Amino acid sequence: AYTVEGEDIELGQMDLITIIGSGSELGHCTSAAAKLAEEGMKVRVVSMPCQEIFLEQTEEYLRSVLPGNVPTLSVEASAIHGWHRFSHSQIGMTRFGA
């Protein structure tokens, strides 16, 4: 995982949110970040194509990308399973079919 947008934003600011995408969702995440920025929010967008590889990184790196004390939303088209480890809220499929 790595920060795509907002790497220069200081962590710990009150009006900060992080949005995580894993693939094709990343475009939607950056679009949402732009709209939130227009409203005065500071938004970091993180790309996490593989949760397992992210978890293999050092604790220092993990905290530099996802400090844990910043409201975080994950966006995953297929399923929300496992995303609770990285985000406070999840957007994704919760059931099969229409």
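The values are calculated or read from the model by the stated rules, or taken from the named source; none is laboratory data. Computed from a prediction, not measured in an experiment: that's the story for all the values here. Here the Cβ is made from the backbone with ideal geometry for all residues, glycine too, and neighbour counts use every protein chain on show.
Return the residues of the stretch 1-56 that are of a type in the set (Val, Ile, Thr) and touching a helix residue (DSSP H, G or I) at 6+ places or on another chain (Cβ under 8 Å); say none if nothing qualifies. Passing the criteria: Thr3, Val4, Ile17, Ile19, Ile20, Val43, Val45, Val46. Filtered by the rule that a residue be in a helix (DSSP H, G or I), under 12 Å from the mean Cα position of the chain (by Cα) and β-branched (Val, Ile, Thr), the stretch 3-56 gives a lone residue, Thr30. Filtering the stretch 33-56 to residues that are over 14 Å from Leu11 (Cα atoms) and either surrounded by 13 or more Cβ atoms within 10 Å (Cβ to Cβ) or among the basic types (Lys, Arg) (or both) leaves Ala33, Lys35, Leu36, Ala37, Ser47, Met48, Gln51, Phe54. For the stretch 57-98, residues that are outside any helix (DSSP H, G or I), without any contact (Cβ under 8 Å) to a residue 60 or more places away in the chain and either farther than 17 Å from Thr3 by Cα or among the hydroxyl-bearing types (Ser, Thr, Tyr) (or both) total 20.
Checking the structure you have, find out if any residue of the stretch 61-69 is surrounded by fewer than 19 Cβ atoms within 10 Å (Cβ to Cβ), at pLDDT 95 or above and not charged (D, E, K, R). Yes, the stretch 61-69 contains a residue that is surrounded by fewer than 19 Cβ atoms within 10 Å (Cβ to Cβ), at pLDDT 95 or above and not charged (D, E, K, R). Taking the condition of being closer than 10 Å to Arg44 by Cβ and hydroxyl-bearing (Ser, Thr, Tyr), how many residues in the stretch 1-24 meet it? Residues meeting the conditions: 2. Against the list (1) without any contact (Cβ under 8 Å) to a residue 60 or more places away in the chain; (2) touching a Pro at 6+ places or on another chain (Cβ under 9 Å), the condition Val43 fails is (2).
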